[in-house]
1. Just to be sure I understand: if I project the alpha-carbon convex hull of the chain onto a plane and average over all orientations, what area do I get in nm²?
2. How many percent of the accessible area of the chain is carbon or sulfur, using a 1.4 Å probe?
3. Quick check for you: with a 1.4 Å probe and neighbouring chains kept, what is the accessible area per residue of the chain, in Å²?
4. For a distance above 20 Å, tell me the whole-number percent of Cα pairs in segment 16-75 that qualify.
5. Run the dipole for the chain about the Cα centre, Lys and Arg Cβ at +1, Asp and Glu Cβ at -1, nothing else charged, and hand back the magnitude in debye, nearest 20.
6. Compute the distance in nm between two label points, each set 7 Å from the Cα along the Cα-to-Cβ direction, one at Q13 and one at Q44.
7. Give the residue list of chymotrypsin sites (Phe, Trp or Tyr not before Pro) in segment 1-100 that are DSSP loop and have at most 13 other beta-carbon atoms within 10 angstrom.
8. At 7 Å along Cα-to-Cβ for each site, give me the label-to-label distance between T53 and K108 in nm.
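The values are calculated or read from the model by the stated rules, or taken from the named source; none is laboratory data. On a predicted model such as this, the values are computed, not experimentally measured, just so you know. Every residue, glycine among them, receives a Cβ derived from its backbone with ideal geometry; neighbour counts consider all protein chains shown. For the accessible areas, the whole protein counts, side chains as well, though only heavy atoms, and no ligand, DNA or RNA atoms are used. Shrake-Rupley method; radii C 1.70, N 1.55, O 1.52, S 1.80 Å.
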Amino acid sequence: QVQLVESGGGLVQLGGSLRLSCAAFGSIFSIYNMGWFRQAPGKQQRELVAIITSGDSTNYLDSVKGRFTIARNNAKTDNAKNTVYLQINSLKPEDTAVYYCRADVPAKRYWGQGTQVTVSS
């Protein structure tokens with residue numbers, strides 16, 4: 001089992017920045033990919049924003065390239081935790097969404113509870 005706890009969302013002005021964090025607890029040594037998804041108001045599905053592999057390879061949604069940066073800090077000891085970050089710069093109104101963290105382990109995906117990001121103009 002893996003538990004994910006997100007933080008860092010909020011209300012930010014157009015062009016501003018935020019840093020989202022997602023801490024993973026539990027069976028963290030089985031995690032390979034970690035990623036951020038978002039669900040915009042009125043949309044049914046979540047879209048992939050950014051993903052990072054255990055080897056630190058990254059992939060981004062085209063519309064966020066150059067503005068968003070994903071990074072992770074892998075646990076080195078049994079008492080540590082895996083954390084994935086999403087640095088968000090130059091925020092646009094279309095970035096308003098609930099952002100969800102996801103951790104992938106063999107045969108299963110875990111989701112966080114979501115954190116709201118609202119961009120005001």
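1. 7.2 nm²
2. Carbon with sulfur: 47 percent of the solvent-accessible area.
3. 53 Å²
4. 32 percent
5. Approximately 40 debye in magnitude.
6. Modelled inter-label distance: 3.9 nm.
7. Y32
8. Here the modelled spin labels are 2.4 nm apart.
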